[in-house]
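First, the structure itself, so that you have it in front of you.
The values are calculated or read from the model by the stated rules, or taken from the named source; none is laboratory data. If you're wondering where the values come from, they're calculated on a predicted model, not measured in any experiment. Cβ placement follows ideal geometry from the backbone for every residue including glycine, while neighbour counts extend to all protein chains displayed.
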Amino acid sequence: MRKITTTLFVRFNLKSLVISAIFLHSLLFVLNTKAFSQTIKSNDTEIDFSGILINKENRSLSLPCKVNMTAGLIEVILCRPEGKTHESFLVTDIKPVALNAALLLLGLDPVNEMPEDPTMEDPLSPYSTIETPGDSILIFIEYELKGQIIKKPLNEFIYDVRKKKPIDRLSWLYRGAVTHKSGYIIIDEDVTMIATYHDPVAFIEMNNDDKNNDEWFYVNEKIGLAKDQPVNLIIETIK
């Protein structure tokens, strides 16, 4: 495969400069991996970023996944095989560092940011990053059914045992990676990428207080997805 040089434009303002170290760490980590050197392609509208398709026009991305759970209690929507697969709806071979870099390339502002003033750090927290408002996103699942491509919002795949129906439609919060006080950015391969139950190191979580309960959410069996069925997870920015 011929390597294509791609220029990626990231617009920085004073606030986004604070997260530039995390962005550059994520991007350089991906670029230095052996597999990545052959996996970046571009056309007028899309960038194939280490298996993640970034649409430059509508500021969205899509990544390949497989169904990991067809029933049962979930706390995680997406992880790698090294992660919490015992409670994750989907699994993917995409690396967390690549997903985080792709989200930053979309121009998203994470919750977790390094403070300009170190005295703003929480002395009781193990992390140097502090929480800011961050950006919200929309998440969809795309799959094939009887030769037709179906796209549904993620909430339809999550069953709420309190209400005895799928959870209401919602946005999701982009938290991004946290930085430990040792200086280590937590983007290991076992990191949860999308969570229903609050995890301080997860990249994305539910954008409401329901994320603080670990007993309410199950796989919606009525959708009828099969174990290991390939699906695409789509993340869209909110215009």
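Just to verify a result, which residue in segment 164-193, among those that are touching a Pro at 6+ places or on another chain (Cβ under 8 Å) and not in a loop (DSSP other than H, G, I, E, B), is farthest from E236 (Cα to Cα)?
Going through segment 164-193, the residues touching a Pro at 6+ places or on another chain (Cβ under 8 Å) turn out to be 169, 174-178, 180-181, 187-189, 191, 193.
Now restrict to residues that are not in a loop (DSSP other than H, G, I, E, B): 174, 180.
On the way: Y174: 11, H180: 29 Å.
Among them, the one singled out is H180.
Give me the pairs, please: first residue somewhere in segment 210-239 and hydroxyl-bearing (S, T, Y), second residue anywhere and surrounded by 12 or more Cβ atoms within 10 Å (Cβ to Cβ), beta-carbon distance under 7 Å, and either six or more positions apart or on two chains.
Close Cβ pairs (under 7 Å, with a partner that is surrounded by 12 or more Cβ atoms within 10 Å (Cβ to Cβ)) amount to Y218/L73; Y218/I74; Y218/Y159; T237/R59; T237/S60; T237/L106; T237/L108; T237/I137.
Based on this model, can you work out whether F89 counts as aromatic (F, W, Y), modelled with pLDDT of 75 or more and more than 19 Å from D190 (Cβ to Cβ)?
Working: aromatic (F, W, Y): yes; modelled with pLDDT of 75 or more: yes; more than 19 Å from D190 (Cβ to Cβ): no.
No; evaluated as a whole, the condition is false for this residue.
Ok, one more. Please count how many residues of segment 171-205 are closer than 12 Å to F217 by Cβ and aliphatic (A, V, I, L, M).
Summing the residues that are closer than 12 Å to F217 by Cβ and aliphatic (A, V, I, L, M) in segment 171-205 gives 1.
Would you check which residues across segment 194-239 are among the small types (G, A, S) and either in contact with a helix residue (DSSP H, G or I) (Cβ under 9 Å, 6 or more places away or on another chain) or in a strand (DSSP E or B) (or both) and list them?
Within segment 194-239, the first condition is being among the small types (G, A, S), and the residues that meet it are 195, 202, 224, 226.
Within segment 194-239, A195 is the sole residue that qualifies.
Residues that are polar (S, T, N, Q), within 17 Å of Y127 (Cβ to Cβ) and either free of Cβ contacts under 8 Å to residues at least 12 places away in the same chain or surrounded by 15 or more Cβ atoms within 10 Å (Cβ to Cβ) (or both): does segment 186-193 have at least one? Reasoning before the result, please.
The initial filter retains those residues of segment 186-193 that are polar (S, T, N, Q), namely 192.
With within 17 Å of Y127 (Cβ to Cβ) added as a condition, the list becomes 192.
Subsequent filtering for residues that are either free of Cβ contacts under 8 Å to residues at least 12 places away in the same chain or surrounded by 15 or more Cβ atoms within 10 Å (Cβ to Cβ) (or both) retains 192.
Checked against the condition, which is being polar (S, T, N, Q), within 17 Å of Y127 (Cβ to Cβ) and either free of Cβ contacts under 8 Å to residues at least 12 places away in the same chain or surrounded by 15 or more Cβ atoms within 10 Å (Cβ to Cβ) (or both), segment 186-193 yields at least one hit.
If you don't mind, there's one more thing I want to ask. Quick check on my filter: what residues within segment 51-93 are hydroxyl-bearing (S, T, Y) and either surrounded by 20 or more Cβ atoms within 10 Å (Cβ to Cβ) or in contact (Cβ under 8 Å) with a residue 60 or more places away in the chain (or both)?
First pass over segment 51-93, keeping only residues hydroxyl-bearing (S, T, Y): 60, 62, 70, 85, 88, 92.
Answer for segment 51-93, where residues must be hydroxyl-bearing (S, T, Y) and either surrounded by 20 or more Cβ atoms within 10 Å (Cβ to Cβ) or in contact (Cβ under 8 Å) with a residue 60 or more places away in the chain (or both): S60, S62, T70, S88, T92.
Please go through segment 107-120 and pick out each residue that is surrounded by fewer than 16 Cβ atoms within 10 Å (Cβ to Cβ) and either among the acidic types (D, E) or assigned to a strand (DSSP E or B) (or both). Don't jump to the end; show me each part of the working.
At the first step, the residues of segment 107-120 found to be surrounded by fewer than 16 Cβ atoms within 10 Å (Cβ to Cβ) are 107, 115-120.
Residues satisfying the conditions are E116, D117.
Let me ask something additional. Residues I150, I158, I185: which one is of a type outside the set (D, E, K, R) and under 20 Å from K95 (Cα atoms)? Walk me through it before giving the result.
On the way: I150 fails: under 20 Å from K95 (Cα atoms); I158 fails: under 20 Å from K95 (Cα atoms).
Only one candidate passes the filter, namely I185.
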